[in-house]
Structure formats: C-alpha cells, structure tokens
Number of protein chains: 2
Amino acid sequence: MRGWRRDTLTARTQAESPRGIPEATVARLPLYLRALTALAESATPTCSSEDLAAAAGVNSAMLRKDLSHLGSYGTRGVGYDVENLRYQIAHEIGLTQDRNVVVVGLGNLGQALANYAGFRSRGFRVVALLDADPRLFGTGVAGLGVRPVAELEDVVASLDVAIGVIATPASAAQDVADRLVAAGVASILNFAPTVLVVPEGVEVRKVDLSIELQILAFHEQRRSPSYVGGATGAGGHDHDVVGTDGHGRRVVAAGHGEESR
Amino acid sequence: MRGWRRDTLTARTQAESPRGIPEATVARLPLYLRALTALAESATPTCSSEDLAAAAGVNSAMLRKDLSHLGSYGTRGVGYDVENLRYQIAHEIGLTQDRNVVVVGLGNLGQALANYAGFRSRGFRVVALLDADPRLFGTGVAGLGVRPVAELEDVVASLDVAIGVIATPASAAQDVADRLVAAGVASILNFAPTVLVVPEGVEVRKVDLSIELQILAFHEQRRSPSYVGGATGAGGHDHDVVGTDGHGRRVVAAGHGEESR
DNA sequence: GCGTGTGAAGAAATTCACAGCC
DNA sequence: GGCTGTGAATTTCTTCACACGC
C-alpha cells in the first residue's frame with residue numbers, strides 16, 4: 001500500500017515540522033493519551049471524537065485534525081477503538097521505551113520532583129539525583145542517594161540518561177545545562193527561572209511557576225472594575241463581552257505553554 | 001431555535017481581550033520583566049530591543065511588537081529606559097498590588113510550592129495552606145499551619161484570597177476547583193494532572209510535569225535513528241550527528257538567539 | 001443516520017522590512 | 001547612523017462544513 005502521505009507539493013497551508021505533526025498537536029497528544037487511559041479504565045471499548053474531545057477538554061474538530069496527523073485510526077460512523085488509539089498515540093510519542101532521567105538540584109522543588117509518582121508511571125525512570133550541597137550527599141530521596149553534581153558526566157554516561165531535569169537556583173542553571181548538553185543529553189526540563197541557551201537540536205521545555213502566577217495576575221487585574229487598560233491610552237470602547245458560549249462553563253484543558261507561549 | 005452558528009461577526013479581527021494585548025504577548029511579559037530586572041540590577045540605564053530580546057530569549061522584532069501593545073515607551077535611535085519600561089510592564093501585569101494565594105494539597109509538591117521563594121518575591125503572598133489529611137493539620141510549612149480543607153470557604157472569604165493553587169491528587173482537583181470558584185476565586189493554578197472544568201470567566205493555568213516529559217520524549221524519539229515516523233513514512237531527514245558522544249552538536253547561537261541574517 | 005477525515009476558510013501569532021524619528 | 005514602531009507578508013494554528021465510508 002502506497003501510503004498516501006500528504007506530500008502534497010501544494011505548499012499551501014502546511015507548515016509541519018520535519019515529517020508532519022505540528023508542535024501544537026504534539027503538545028496535546030499527552031492529553032489525549034491520558035483521556036484514553038481513563039476511558040480504558042472505565043471499560044469503554046470505543047469513543048467518538050466528541051467523547052474524547054470532551055474528556056481532554058478540547059474541540060472535537062481539533063481532536064480529529066490532530067489525530068489525522070497520525071493516520072486513520074478511526075471508523076466512520078463508529079468512532080475510535082480506545083485501546084488501539086491509546087497504543088498508537090503512545091507509540092507516536094515514544095512511550096514504548098523507558099527513558100532515564102537525572103534530577104539536578106534537590107531543594108524543595110527538586111525533592112518533590114524526585115518523589116513525583118507521575119514521572120515513574122509513564123516510563124520515566126529517575127535514575128540519579130545530583131546537588132552541589134555536600135550536606136545532601138548520601139541522603140536518601142525517593143530511594144536514591146544524592147550525589148555530587150561533579151559526577152554529572154559520569155552519571156549521564158554510565159546510566160544512559162536521556163532527560164535532564166534542572167531544579168537548581170537560576171544562577172546555576174545555565175552551567176548545569178551546558179554540562180548536560182556536553183555530556184550528550186538533548187532533552188531538558190527546566191524549572192529554574194532563567195532563560196537557557198542551548199545548541200541547535202537540544203530541546204528545552206520550561207516550567208516557570210512565577211510566570212504562571214503573573215499571567216493569572218494579569219487576567220485578575222483585567223477583571224477588576226478599576227482596570228482601564230494600562231497606564232495611559234484612551235483604550236477602546238470594547239466591552240468585556242466574553243461571549244458566553246451558552247454552555248455556561250468553560251473547559252480548560254492542558255495546553256500552553258505557555259504557552260505558550 | 002435552529003442550531004445555527006452564533007453570530008461571531010461581533011468580533012473584530014483580533015482575539016484581543018478588553019483593551020488589546022494578545023494572549024501570546026501576555027505570556028511573554030513576565031519574561032521581559034525578569035530580563036529588565038536583571039538589567040536594572042547590573043545598573044544598565046537603557047537597552048535596545050536587541051539587548052532585551054537576547055536577555056529574554058526571543059526575537060527582537062517580536063519583542064518590539066509585543067511592547068507596542070502596551071504603548072510607546074521607547075525612544076527611536078536610543079532604546080528603552082530600563083527602569084521605566086520595567087515599571088510599565090509591572091503595572092500592566094498588575095503587580096503593583098499584592099495578591100493572596102491559598103495552596104490546597106500539601107503533599108511533596110504542595111509543600112515545595114508553599115516554600116517556593118518565587119511566589120513571595122513577586123507580590124504573591126501565600127496566606128493559607130489546606131489539606132484533607134488530618135495528620136498534617138497544624139504542622140508548620142513555610143511558617144503557616146496546615147488547616148482542614150473544610151475551611152476553604154472561610155479562608156477564601158476572610159483572607160481575601162485571589163488565587164488558588166491546586167496541588168492535590170487528580171481525583172480531588174475538580175472538587176477543590178468547584179469550591180474555590182464558588183467561594184469567589186477566579187484564578188487557579190492547577191498542578192493536578194487532570195482537566196478542570198470551570199465556568200466562563202474563571203482563568204485556569206495548568207502545569208503538568210508528565211506532559212512536559214512526554215513532549216520531550218516525542219522529540220527525543222524523533223531524533224533517534226530508528227525513528228521512521230509513526231507507522232509509515234520515510235523520515236530520515238536528520239543530518240545531525242547522532243553518533244555517540246563526540247562533540248557532534250554545533251553551537252549555533254541557540255534556538256532563541258535572534259540573528260537576522 | 002452517524003461520525004471520521006479533510007480541504008478550505010478563518011484567526012492568531014510571528015517575521016519581514018522599512019518609514020519615521022532621534 | 002541607529003533604533004523604534006508598525007503595516008504587510010508569512011507562517012502556524014483553529015474552526016468550519018461537508019464528502020465519504022460505515
């Protein structure tokens with residue numbers, strides 16, 4: 001079967017990364033996966049795009065479009081086979097194989113991360129903990145001993161680390177990132193409130209709690225009656241009609257990223 | 001009533017809320033704020049959009065476009081006054097007033113969040129901690145006693161809570177969210193790995209560690225030589241050195257570095 | 001009929017490129 | 001000359017709406 005790839009030379013509306021699957025879609029696949037897992041646990045054999053979209057908190061049209069990038073795994077007039085679709089998405093994300101993770105920085109957050117069950121439950125194994133503070137060396141966190149950050153290179157090489165989680169103070173983050181990259185780690189999850197500069201080809205995801213709070217604060221202020229829009233500016237006559245969608249409720253899924261940005 | 005589409009013609013060509021400022025821009029303002037604070041600390045009086053963009057890890061054209069939504073705070077031929085721009089952005093985000101935060105769920109993550117300095121340093125005051133586990137009641141975390149989650153409504157009302165942080169297990173998150181909303185909280189930061197359904201007008205930001213890891217895993221897999229792209233497809237587009245170790249990867253300014261050819 | 005898959009339309013976000021001001 | 005601010009062009013993402021297979 002010659003797969004009818006969308007090799008469409010009609011370079012119209014198609015940007016796609018390397019071989020397809022836009023970033024926005026990739027960011028939602030884990031959501032669908034989780035929703036499917038929930039459905040599977042409730043012994044639901046099949047589901048419509050409407051069902052799954054509701055469970056994932058997205059629009060059904062978007063869900064179908066997203067899934068169409070993976071292939072045709074649904075049946076017209078019926079829906080999707082929960083178990084099969086779950087497997088296909090897990091496969092696409094690459095969860096069929098476990099990946100080793102090292103956590104660098106074991107302050108409050110780092111320790112919480114090391115203990116976070118969500119890591120282990122989805123094929124991510126925390127195999128080493130590193131910190132610069134000698135007082136933490138050897139102490140047990142999540143069944144692992146904390147080792148000196150000086151051993152970073154050894155750890156990455158000997159334990160086949162694929163992902164590095166940075167939970168250090170901002171001042172140490174770039175240095176740690178540089179060393180992780182030099183040691184061969186090409187995937188970094190950064191919790192330090194700083195911008196990381198990395199070479200081409202290295203993927204960095206950032207989680208910044210204070211930024212999330214500030215975004216909330218912005219909307220909070222906007223809701224306030226006293227808000228007139230920034231300092232000056234006559235502002236528009238726009239009304240705050242948030243366009244009630246009739247449903248009265250608004251589903252907030254995962255997303256961003258940040259968000260966005 | 002025929003189920004015809006709602007007359008969306010009401011919206012002009014801009015998703016913008018009240019007075020402008022697209023969501024993507026809002027999500028970056030905190031980034032600029034942080035960069036400006038760093039510049040201020042190094043006693044830099046003014047900076048160009050190039051400088052600031054580099055410090056924030058974005059493209060300079062995007063930075064200028066973003067700032068243009070706030071007003072004209074720069075000087076052509078010169079740049080931006082660091083202190084003034086910092087104030088303008090802080091004002092726009094609404095950081096001129098403190099906001100009270102309640103943390104619900106004090107497991108590993110919740111405790112780490114309660115202790116997180118980043119919260120307090122930017123005008124967010126954690127004023128109460130709630131949990132359902134009696135064993136935690138009264139124990140001190142970050143100088144506050146943990147109180148029964150049953151007191152949620154009291155706490156929100158008496159302490160003027162503006163933001164709720166949910167760090168409970170997924171199973172409890174929706175219930176907590178419902179109660180927060182009913183109590184008048186319209187801004188929620190959700191760490192529980194579940195989709196929250198909230199009424200229109202309530203803002204939810206979500207932080208999901210396992211989703212971030214899965215996104216990294218996807219790219220990790222894509223880099224892998226054995227990756228052929230889902231079910232079918234050629235794929236091999238990589239010309240990046242996948243070879244073990246060796247300084248295969250070239251440092252190319254970084255995915256964020258501006259560079260305008 | 002139902003519901004997927006998808007081209008086309010629409011909206012949003014990003015980047016370009018340059019006019020205009022210092 | 002240098003740099004901001006911004007319309008226009010471009011790219012990316014989302015939604016619509018309907019043909020097609022069940």
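The values are calculated or read from the model by the stated rules, or taken from the named source; none is laboratory data. Given the structure is predicted, the values throughout are model-derived calculations rather than measurements. Reconstructed Cβ throughout: ideal geometry from the backbone, glycine too, with neighbour counts over all protein chains shown.
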Residues of the stretch A:33-54 that turn out to be surrounded by 22 or more Cβ atoms within 10 Å (Cβ to Cβ), more than 8 Å from every other protein chain (Cβ to nearest Cβ) and not hydrophobic (A, V, I, L, M, F, W, C), as a count: 0
A:G184 vs. criteria of a type outside the set (F, W, Y), modelled with pLDDT under 95, more than 25 Å from B:F191 (Cα to Cα) and in a loop (DSSP other than H, G, I, E, B): no
Residues (acidic (D, E) and more than 27 Å from B:S224 (Cβ to Cβ)) located in the stretch A:145-182: A:D175
Conditions (1) in the same structural domain as A:R28 (by TED's automatic domain parsing); (2) surrounded by fewer than 17 Cβ atoms within 10 Å (Cβ to Cβ); (3) not charged (D, E, K, R): number failed by A:G140: (1)
Residues of the stretch A:38-53 satisfying the condition of being within 14 Å of DNA strand D (Cβ to nearest atom) and without any contact (Cβ under 8 Å) to a residue 24 or more places away in the chain: A:E50, A:A53
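Residue by residue, here is whether (1) closer than 21 Å to B:D98 by Cα; (2) of a type in the set (V, I, T); (3) assigned by TED's automatic domain parsing to the domain that holds B:L31 holds:
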| position | (1), (2), (3) |
| --- | --- |
| B:N115 | yes, no, no |
| B:V127 | yes, yes, no |
| B:A132 | no, no, no |
| B:S158 | yes, no, no |
| B:S171 | no, no, no |
| B:R179 | no, no, no |
